[in-house]
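Mind having a look at this structure? Questions to follow.
The values are calculated or read from the model by the stated rules, or taken from the named source; none is laboratory data. It should be emphasised that the depicted structure is a prediction, and the values quoted were computed from it without experimental measurement. Positions of Cβ are generated from backbone atoms using ideal geometry, with glycine treated the same way; all protein chains shown enter the neighbour counts.
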Protein chains: 2
Amino acid sequence: MPKSDIEIAREANVKPITEIGAKLDMPADALMQYGPSKAKVSFEYLESLKSKSDGKLILVTAISPTPAGEGKTTTTVGLGDGLNRIGKKAMICLREPSLGPCFGMKGGAAGGGYAQVVPMEDINLHFTGDFHAITSAHNLLSALIDNHIYWGNELGIDERRVSWRRVLDMNDRALRDTVTSLGGVANGFPRQTGFDITVASEVMAIFCLADGLEDLQKRLGDIVVAYTRERKPIYCRDLKAEGPMTVLLKDALMPNFVQTLENNPAFIHGGPFANIAHGCNSVSATKSALKLADYVVTEAGFGADLGAEKFFDIKCRKAGLKPEAVVIVATVRALKMHGGVAKDALGDENVDAVKKGLENLGRHIANIAKFGVPAVVGINRFIKDSEAELAAIQAFTQTLGVDAVVCEHWGKGSEGTEELANKVVGLIDSGKADFKPLYDDALPLYDKINTVAQQIYGAEEAVADKKVRDQLKQWEDAGYGHLPVCMAKTQYSFSTDPNLRGAPSGHKVPVREVRLSAGAGFIVAICGEIMTMPGLPRVPAANSIHLDEAGLIQGLF
Amino acid sequence: MPKSDIEIAREANVKPITEIGAKLDMPADALMQYGPSKAKVSFEYLESLKSKSDGKLILVTAISPTPAGEGKTTTTVGLGDGLNRIGKKAMICLREPSLGPCFGMKGGAAGGGYAQVVPMEDINLHFTGDFHAITSAHNLLSALIDNHIYWGNELGIDERRVSWRRVLDMNDRALRDTVTSLGGVANGFPRQTGFDITVASEVMAIFCLADGLEDLQKRLGDIVVAYTRERKPIYCRDLKAEGPMTVLLKDALMPNFVQTLENNPAFIHGGPFANIAHGCNSVSATKSALKLADYVVTEAGFGADLGAEKFFDIKCRKAGLKPEAVVIVATVRALKMHGGVAKDALGDENVDAVKKGLENLGRHIANIAKFGVPAVVGINRFIKDSEAELAAIQAFTQTLGVDAVVCEHWGKGSEGTEELANKVVGLIDSGKADFKPLYDDALPLYDKINTVAQQIYGAEEAVADKKVRDQLKQWEDAGYGHLPVCMAKTQYSFSTDPNLRGAPSGHKVPVREVRLSAGAGFIVAICGEIMTMPGLPRVPAANSIHLDEAGLIQGLF
């Protein structure tokens, strides 16, 4: 039986984090340590790097996810180790895992097999407390809103139009829809509201897009929290909340520095929801990494239709990043599911199903090309994958002018990604990259949505009620027309039907609702059901999580 | 103008925390650092000290608090520094401040003037994340309760009898009384519940009383979270929640190690509410400190009628601690308020008012004697105090056979507590201490309440409805009769009327409600209004909190 992720992680030769920093010429006093193997990198030090030239940015994305699993984080870690193995100064930038889901479904979010970041238990639990700080900052604003109403409501907030909810980093369906301020005069004015999970907070999205503390504070101030009866927006800054929120977030904004199992450097920082937000790690970590290393590998949430599109159109556009290569992760198993195979039959060789499923990969490859960034496919190999199945993938991608490389980082670490690393370096050296976002800032908001629907999802068009279109117009009139759109759509399909695998086309993309994230700086277009507070399953992972006699965590991974 | 606390703290010569540890012979690898000046002390190291003999334990308590302020924490810090100054190996044990109130009323909770612990900004904000961990653990249990009901309610929980609420470390009156699980089938069964502030959580009380991780897990399992329709208790362990809660708390349970402005060692760990819980820092920190230092100075919440009584009857009883001296903090200003002077007239000399107010101090002195621990009064001097006022206090305490020492640590640091330190050492060396709790474990629960009311509050008796008495009987039958009682009463008076200053006697103490904290191991007797979720004032401190251009926090202290 192969070793579990946690067993492998516990056997790792974890080095003092200052030694990992030294690989990047970071002095020890640039690191604010959280125990021996985690640290935050000080702003002073990062500031001192500003004049250095940037390294090369590589995005790891994936085909449309299936229950079979793709291994995007694992491949990001593996590629980072592979680049180091072939003598490059490389580091990786990952998202921080959310705590709540750990107690629902078993499984961590720090890579897997021999491609992991450590200390994985800490990373999956409280880590350096960033998400707790975001929870506090978010809920302070919530408290200040109700407190303002309680003490006379000078701003004239319409209690029915408070859009700012509360958050907890917990899977707790009971909090989705609540009434607060019951119990009489001393507790305020009852109103219906609710809680989201912390990663769904606009504060999280802002945190991940902010370029320094000053920008963070400005963006927090820009959050629209409510409206008056006359529909005048009430901003966070009207409640003077952006100052204390920034104070709560000041340590959190420093990137978290850890290592891979192979002692290579990694930032793990920020983790916004990939549906109602942009699902990428923080700009501050990515930009810092580009100053510290020659090659920086990062990931984006979900499949390339959502994650990569938002990475390009939101994160890169806003932060002025120029990615130079993309790795699209695929697995034989997932392609088989796209080809119509049920989960329990994935172990059997089925070249035809793989071939059928390749239409999903093909669409993603074509999409990435639209952003002007060259791509390579990384096939995350599973033990049962047959040579014929792997060969089918490679033959297919060749027809699209893209290489597909078999990777075995899960079982072999960097040895398994040497070829991928060389291929990625070759792509970058080719100088083919000419990144451009999919649409211009100046395009009307609805046309931006439609562009993504047609160009990326292969849809005939986006459709929306007059109410939605009018709302977009209003925001354009209010000066928000230049914002990019953040599409909230099922990750399982190019369409809005999660059961439609492969590469559906000609469908409609119904936009049910639009939301303004004025602080983060995007318009969310909601196409389908959006769950912003998950629940726990019938038998939650929590049931079996405990410390054993040796004080080791059991049941978490 | 004298310097502000934060200005003094910023000028401090803060040493690397490993240097402070070295003063106590702690090896560097015993410290899990959180930045350069905060650390948690590893369990492995603390375990290795078990065979060492214990130092001497000193409690700092106070007269009944008034809006004039007494300075209990400041005196605790000052005495610790004073003991070090006179050549003793001493350390202090404080409670961690709660984050929520920081955004309400301006002011930190890490001492003041030249008697502070640092880094005070961190200590007052997220510190090492202990309270966030407690919030997570508490709310995980909440989520598991509603999740259990949602998935079929096998345990037969009566939704109307779920006593476990949720918590946030925030002053948010809107959350006191809520309805959750609205919105239809997918969100569960609507029920009325609410949120307390994190310090009011039973998890916090358990955290502070637990003697190691194993004891922590057992106590968490013992929490009664709900009842069935047949009034059968449902325990935390019935939901298998104590395992994951312990996992969430495992790092938090390590004591936090910091330093005073004079570079003397301090633990700051745990901070349970002083009304519905026992209001003392953690047993794990106190016990560890007793192994590391010859003298350990700690504090308890509110005045001695509440804080010291619970320190003795709950913390010391349960943890087997033997305190050897008590310092009762008093100020001229506060005594004047007890003597009937209004707050705006406290600046004027008024010896008669001081004399009148001394009845409050006198009662506390007499009370402490009942626990068999010798006491000294520490007069926390303010600039405007007159010699005659100070002399009046000293003359009075002499009549009770107790010394009163004028302390000037606020303005002078340890130089100002040298005399107090010598006096405390003298008290301990006298060997007079013969600690015993006020009542025996075997006394019936209601008699315990009555004993505290009569012996400590000077009341004629405690009074309670039959319903309350029956409830206590039921708990006795269920095997909880041996537990101590945790009195929840206004801190401003020996009576239950907060406006009754001085030393009222012959009053009744009405017990409105009793609550079982089966995990923490006490019965809470509620006498009067108990606020477990504070609100924010009309103009909250948050309004002026921000980072200045230099990146320094303004407005927080």
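Let me confirm something: among B:A277, B:A293, B:A285, which residue is over 22 Å from B:M32 (Cβ atoms) and buried (at least 24 other Cβ atoms within 10 Å of the Cβ)?
Values: B:A293 fails: over 22 Å from B:M32 (Cβ atoms); B:A285 fails: over 22 Å from B:M32 (Cβ atoms).
Within the list B:A277, B:A293, B:A285, the selection yields B:A277.
Moving on to the next point. Output the residue which, of all residues in segment A:205-255 that are within 23 Å of A:A488 (Cα to Cα) and part of a loop (DSSP other than H, G, I, E, B), is nearest to the other protein chains (Cβ to nearest Cβ).
Taking the candidates together, the pick is A:A210.
Given the criteria within 20 Å of A:D169 (Cβ to Cβ) and more than 7 Å from chain A (Cβ to nearest Cβ), does B:R161 qualify? So that I can check it myself, show each step before the final result.
Numbers: within 20 Å of A:D169 (Cβ to Cβ): no; more than 7 Å from chain A (Cβ to nearest Cβ): yes.
The answer is no for B:R161.
Given B:G362, B:G357, which one is outside the structural domain of B:D215 (by TED's automatic domain parsing), surrounded by 22 or more Cβ atoms within 10 Å (Cβ to Cβ), closer than 26 Å to B:G301 by Cβ and not polar (S, T, N, Q)?
Working: B:G362 fails: surrounded by 22 or more Cβ atoms within 10 Å (Cβ to Cβ).
The unique qualifying residue is B:G357.
I'd like to check which strands (runs of 3 or more DSSP E) are fully inside segment A:81-168 and have at least 2 residues that are touching a residue at least 40 places away in the same chain (Cβ under 8 Å) and of a type in the set (A, V, I, L, M).
Values: elements: A:90-94, A:115-118, A:157-162, A:166-168.
The strands (runs of 3 or more DSSP E) meeting that bar are A:90-94, A:115-118, A:157-162.
Can you pull out the residues in segment A:169-204 that are more than 8 Å from every other protein chain (Cβ to nearest Cβ) and of a type in the set (S, T, Y)?
Result: A:T193, A:T198, A:S201.
From the list B:G502, B:G535, exactly one residue is over 18 Å from the mean Cα position of the chain (by Cα), at positive phi and outside the structural domain of B:V203 (by TED's automatic domain parsing). Which is it?
Details: B:G535 fails: at positive phi.
Going through B:G502, B:G535 in turn, just one is over 18 Å from the mean Cα position of the chain (by Cα), at positive phi and outside the structural domain of B:V203 (by TED's automatic domain parsing): B:G502.
Going by what's in this entry, would A:F435 be described as touching a Pro at 6+ places or on another chain (Cβ under 9 Å), assigned to a loop (DSSP other than H, G, I, E, B), at pLDDT 95 or above and not assigned by TED's automatic domain parsing to the domain that holds A:D81?
Details: touching a Pro at 6+ places or on another chain (Cβ under 9 Å): yes; assigned to a loop (DSSP other than H, G, I, E, B): yes; at pLDDT 95 or above: yes; not assigned by TED's automatic domain parsing to the domain that holds A:D81: yes.
So A:F435 passes the test.
Here's something else I'd like to know. Could you list, in sequence order, the residues of segment A:1-16 that are over 26 Å from the mean Cα position of the chain (by Cα), in a loop (DSSP other than H, G, I, E, B) and surrounded by fewer than 16 Cβ atoms within 10 Å (Cβ to Cβ)?
Once the filter is applied, which keeps residues that are over 26 Å from the mean Cα position of the chain (by Cα), in a loop (DSSP other than H, G, I, E, B) and surrounded by fewer than 16 Cβ atoms within 10 Å (Cβ to Cβ), segment A:1-16 yields A:M1, A:P2, A:K3, A:N13, A:K15, A:P16.
Turning to a different aspect of this structure: Given the conditions (1) of a type in the set (S, T, N, Q); (2) more than 8 Å from chain B (Cβ to nearest Cβ); (3) under 29 Å from B:C102 (Cα atoms); (4) buried (at least 24 other Cβ atoms within 10 Å of the Cβ), and given that A:Q116 satisfies all but one, which numbered condition is not satisfied?
The number of the failed condition is (3).
Hey, another quick one. Name the residue, out of A:E408, A:E359, A:E389, that is under 15 Å from A:V332 (Cα atoms) and either without any contact (Cβ under 8 Å) to a residue 40 or more places away in the chain or among the hydroxyl-bearing types (S, T, Y) (or both).
On the way: A:E359 fails: either without any contact (Cβ under 8 Å) to a residue 40 or more places away in the chain or among the hydroxyl-bearing types (S, T, Y) (or both); A:E389 fails: either without any contact (Cβ under 8 Å) to a residue 40 or more places away in the chain or among the hydroxyl-bearing types (S, T, Y) (or both).
Only one candidate qualifies: A:E408.
Let me ask you something else. Condition first: without any contact (Cβ under 8 Å) to a residue 24 or more places away in the chain, more than 30 Å from B:N147 (Cα to Cα) and away from chain B (no Cβ under 14 Å). Can you find one or more residues in segment A:484-501 that meet it?
Within segment A:484-501, one or more residues are without any contact (Cβ under 8 Å) to a residue 24 or more places away in the chain, more than 30 Å from B:N147 (Cα to Cα) and away from chain B (no Cβ under 14 Å).
If the requirement is being assigned to a helix (DSSP H, G or I), over 30 Å from A:A205 (Cα atoms) and at pLDDT 95 or above, which of these qualifies: A:L361, A:L335?
On inspection, the qualifying residue turns out to be A:L335.
One line per residue, one yes/no per condition, for (1) under 21 Å from B:T128 (Cβ atoms); (2) in a loop (DSSP other than H, G, I, E, B):
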residue	(1), (2)
A:T18	yes, no
A:A22	no, no
A:D25	no, yes
A:M32	yes, no
A:S37	yes, yes
A:K50	no, yes
A:S53	no, yes
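Follow-up question, since we're still on this one. Can you find a residue in segment A:382-399 that is basic (K, R) and buried (at least 19 other Cβ atoms within 10 Å of the Cβ)?
Step one: filter segment A:382-399 for residues basic (K, R), giving A:384.
Next, from what is left, pick out any that are buried (at least 19 other Cβ atoms within 10 Å of the Cβ): none.
Scanning segment A:382-399, I find no residue that is basic (K, R) and buried (at least 19 other Cβ atoms within 10 Å of the Cβ), so the answer is no.
Among the residues of segment B:508-557, which ones are β-branched (V, I, T), in a loop (DSSP other than H, G, I, E, B), more than 8 Å from every other protein chain (Cβ to nearest Cβ) and touching a strand residue (DSSP E or B) at 6+ places or on another chain (Cβ under 8 Å)?
Just the residues of segment B:508-557 that are β-branched (V, I, T), to begin with: B:509, B:511, B:514, B:523-524, B:526, B:530, B:532, B:539, B:545, B:553.
Checking the rest, the ones that are also in a loop (DSSP other than H, G, I, E, B) come to B:530, B:532, B:539, B:545.
Next cut, more than 8 Å from every other protein chain (Cβ to nearest Cβ) only: B:530, B:532, B:539.
Matches in segment B:508-557: B:I530, B:T532.
From the list A:G347, A:G372, which residue is surrounded by fewer than 19 Cβ atoms within 10 Å (Cβ to Cβ), of a type outside the set (S, T, Y), in the same structural domain as A:F312 (by TED's automatic domain parsing) and under 22 Å from A:N422 (Cα atoms)? Walk me through it before giving the result.
On the way: A:G347 fails: under 22 Å from A:N422 (Cα atoms).
Exactly one of A:G347, A:G372 is surrounded by fewer than 19 Cβ atoms within 10 Å (Cβ to Cβ), of a type outside the set (S, T, Y), in the same structural domain as A:F312 (by TED's automatic domain parsing) and under 22 Å from A:N422 (Cα atoms), namely A:G372.
Something else about it: So, in segment B:233-277, how many residues would count as being within 22 Å of B:L59 (Cα to Cα), in contact with a Cys (Cβ under 6 Å, 6 or more places away or on another chain) and modelled with pLDDT of 95 or more?
2
When residues of segment A:443-469 are filtered for being surrounded by fewer than 15 Cβ atoms within 10 Å (Cβ to Cβ) and of a type in the set (G, A, S), how many remain?
0
List the number of the failed condition for B:G519; all other conditions in (1) surrounded by fewer than 23 Cβ atoms within 10 Å (Cβ to Cβ); (2) on the phi < 0 side of the Ramachandran plot; (3) of a type outside the set (S, T, N, Q) hold.
(1)
So that you can scan it fast, the table gives a plain yes or no per residue for (1) in the same structural domain as A:P272 (by TED's automatic domain parsing); (2) under 20 Å from B:F103 (Cβ atoms); (3) without any contact (Cβ under 8 Å) to a residue 60 or more places away in the chain:
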| residue | (1), (2), (3) |
| --- | --- |
| A:F195 | no, yes, no |
| A:A200 | no, no, no |
| A:I206 | no, yes, no |
| A:D215 | no, no, yes |
| A:K218 | no, no, yes |
| A:D222 | no, no, no |
| A:C236 | no, yes, no |
